[in-house]
Amino acid sequence: AKASGRGTMRFFNPRMQQRISRRIHIESALREALESDQLELHLQPQVTQQGKVIGMEALLRWHDADLGQMSPGEFIPIAESSGLIIPLGEWVLQRACSLLSEWQQLPHMKDLTLAVNISPKQFRHPKFVPHILHCIRQANILPEKLELEVTESMLIDDMAGTISRMNQLRERGIRFALDDFGTGYASLSHLKLLPLYQLKIDQSFVKEITTEKNDEAIVQTIIALGGSLGLEVLAEGVETEAQMEKLKALGVNHFQGYYFGYPQPADHWLQELENTQS
Ligand code: C2E
Ligand code: CA
Ligand code: CA
Ligand code: CA
């Protein structure tokens with residue numbers, strides 16, 4: 001009676017209670033994982049029409065003793081809402097720059113780009129631009145090798161600020177890819193204001209590309225758009241040869257997906273590419 005008298009408690013049914021405690025558990029375990037260096041970056045190759053690997057996307061991996069293998073799809077939003085995304089994002093960028101710096105010394109790796117996912121809150125943080133520039137300087141890498149994957153949702157709150165930060169980084173040579181393109185908010189007029197390098201066609205359009213005429217039409221539109229804005233177009237989530245062939249025929253010239261390689265630790269690719277591309 002006391003609890004319901006306050007007017008709030010009774011709205012929390014057991015299932016909500018469970019979800020909230022899982023969230024809290026994840027947040028504190030993630031903080032600990034970050035502090036004790038338990039996180040890892042896996043890399044997934046990005047390839048040309050000829051099948052040449054030209055870059056990698058960095059994807060966070062976290063295995064927790066209690067929680068098991070955790071999906072970034074679950075823990076990134078929690079990191080976003082708790083503010084943990086700031087130190088987490090800084091860790092990812094540091095790690096990415098140090099990988100690029102290692103690769104610079106290796107003939108079969110030195111030309112690869114490395115793409116890093118940036119969440120909206122991270123991008124809006126006042127220290128974001130200086131931090132990236134610091135990482136690049138400290139690792140002594142070519143800024144052209146670092147790509148930042150951003151999403152349309154970044155534009156919602158502070159369009160002018162977003163564009164200005166993007167320009168500052170673009171002027172230094174850093175490249176931007178617009179991730180999950182086609183699923184979000186960007187209008188065509190926004191698109192031409194952004195100093196982008198690449199559009200990433202969302203995997204939802206790739207999934208049924210061989211049978212769905214609507215998806216084909218969307219992909220065609222994105223390719224035409226990319227072409228007229230002078231942008232590279234990459235299709236993600238490519239799982240089969242048939243999907244790749246269809247996308248190729250439509251004019252996509254960069255690909256990423258399980259068909260070309262699963263996300264794997266950096267060392268895996270160091271060896272794999274030494275065997276196949278040298
Ligand atoms: P995303 O950036 O769209 O990354 C692509 C996701 O699709 C990855 O899931 C990748 O493993 C998966 N994928 C790749 N190829 C295929 C395929 O052929 N088929 C299918 N079905 N899936 C494929 P993952 O690694 O679970 O990451 C999920 C999301 O978490 C990412 O989506 C990204 O938004 C976010 N994320 C991952 N790492 C980071 C990070 O370091 N920072 C931030 N802010 N977000 C990250
Ligand atoms: Ca690329
Ligand atoms: Ca991405
Ligand atoms: Ca994506």
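The values are calculated or read from the model by the stated rules, or taken from the named source; none is laboratory data. Since we're looking at a predicted model, the values are computed, not measured. Note that we place each Cβ from the backbone using ideal geometry, even for glycine, and neighbour counts take in every protein chain shown. For the accessible areas, the whole protein counts, side chains as well, though only heavy atoms, and no ligand, DNA or RNA atoms are used. Shrake-Rupley method; radii C 1.70, N 1.55, O 1.52, S 1.80 Å.
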Would you kindly derive the ³J(HN,Hα) couplings of region 88-100 from the backbone phi angles with the Karplus curve 6.51 cos²θ - 1.76 cosθ + 1.60 (θ = phi - 60°), listing them in order in whole Hz, with x for Gly and Pro? 5, x, 5, 4, 4, 5, 4, 4, 4, 5, 6, 4, 4
Return, ordered by residue number, the residues of region 11-30 whose backbone nitrogen is under 17 Å from a label point located 7 Å along Cα→Cβ of Gln38. 22-30
Percent of beta bridges antiparallel (DSSP, the chain, rounded to nearest 5): 45
At R0 = 25 Å the Cβ-Cβ FRET efficiency linking Gln50 and Lys110, nearest 0.05, sits at 0.85
Sum up the charges of everything whose Cβ sits under 12 Å from the Cβ of Val252, counting Lys and Arg as +1 and Asp and Glu as -1, but leave Val252 out. -1
With the 1.4 Å probe rolled over protein heavy atoms, region 99-237 has an accessible area per residue in Å² of 46
Quick one: which residues, 5 or more positions from Leu148 or on another chain, have an amide H under 5 Å from its amide H? H modelled 1.01 Å from N in the peptide plane, none for Pro or chain starts. Val116, Arg175, Phe176, Ala177
Violations at 27 Å Cα threshold for listed pairs Lys52/Lys127; Lys145/Lys248; Lys110/Lys192; Lys213/Lys248; Lys145/Lys246 -> Lys52/Lys127; Lys110/Lys192; Lys145/Lys246
Cα pair distances exceeding 22 angstrom across region 149-252, given as percent: 31
With viscosity set to 1.567 mPa s and temperature to 4 °C, compute the Stokes-Einstein D of region 1-126, Rh being the Kirkwood radius across alpha carbon pairs; µm²/s, no decimals. 76
Of all the C-alpha pairs in region 56-168, what % are more than 18 Å from each other? 54
Under 10 Å, Cα contacts only: if you run a Gaussian network model on the chain, which one of Phe255, Phe181, Phe128 comes out with the highest mean-square fluctuation? Phe128
Rounded to the nearest 500, what is the chain's calculated 222 nm mean residue ellipticity when only DSSP H runs of at least 4 contribute -39500 (n - 2.57) each, over all residues? -14500 deg cm²/dmol
Estimated FRET transfer efficiency when R0 is 30 angstrom, pair Met159-Ser228 (beta carbons, to 0.05): 0.90
7 Å from Cα along Cα→Cβ at both Ser204 and Glu272: what's the point-to-point distance in nm? 2.8
Solvent-accessible area, 1.4 Å probe, carbon plus sulfur percent, for region 125-239: 50
Using only the alpha carbons of the chain, determine the length spanned along each of the three principal axes and report them from longest to shortest in whole angstroms. 69, 45, 38
Tilt of helix 241-250 relative to the longest C-alpha principal axis of the chain, in degrees (0 to 90, nearest 10)? 70
Viscosity 1.567 mPa s, 4 °C: Kirkwood-radius Stokes-Einstein D of region 164-215 over Cα pairs, µm²/s: 103
